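Values in this text are rule-based calculations from the coordinates and carry no lab data. None of these values were measured; they are calculated from a predicted model. Note that each Cβ is placed from the backbone with ideal geometry, even for glycine, and that neighbours are counted across all protein chains shown.
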């Protein structure tokens, strides 16, 4: 069984004094191929000024309260999990369901509650951004819940535990820190590669609704020859 261990990180210069937002999830390829699997559990964490109130550490900080109020308005399935400090930064972490979109149609989505994971036989991995999500982000900005221009960064860590090499082509992304455009990859069994989506790919997902990250060109070629 092939398994993607996927960490999707979306960093945004958003709200609460220019904080960041990061998404992460783990998904098995068998789940991506199974039409009965509608979504996978994930995490989203939002940078806050501090977790505790300055005057009373037993109380949550104002920025944490704002994050707890804001996140479900943008991503309705998000629920608060915890707040913690890491490397001098404070994070409010939420559980979130990330829907799997299988129809290959950039105009419809599995859900408009969050970013969608996209998958098909020849396009193993992609991302879709429903307009409803963008609208809610814009509304939050207009309500002064969020400030600044939105800047996204998405990183995917892919683990191959198929028992055999995994051949795929990466599109417009950074692979283990190196730029790759239409770059063939062969991921050895039990190895991990890190994919960081380019700004161009992310902009494509925002403007067209969907963008592909990994392509199975061998499978696509077979289909075209039929």
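State, as an integer percentage, the relative contact order of segment 45-187 based on alpha-carbon contacts under 8 Å between residues 6 or more apart. 14 percent. In plain terms, the chain from residue 139 to residue 89 could stretch by 15.3 nm, reckoned as 0.36 nm per residue minus the Cα-Cα distance. Taking every alpha-carbon pair in segment 3-225 and binning the separations at 10 Å intervals from zero gives 8, 32, 34, 18, 6, 1, 0 percent.
Label sites at residue 174 and residue 200, each approximated as a point 7 angstrom past Cα along Cα to Cβ, lie 1.6 nm apart.
Based on other C-beta atoms within 10 Å, arrange 198, 190 from fewest to most.
Values: 198 19, 190 10.
Ascending number of Cβ neighbours within 10 Å: 190, 198.
Cβ-Cβ distance of residue 132 and residue 164, R₀ of 30 Å, FRET efficiency by 1/(1 + (r/R0)^6): the value works out to about 0.15.
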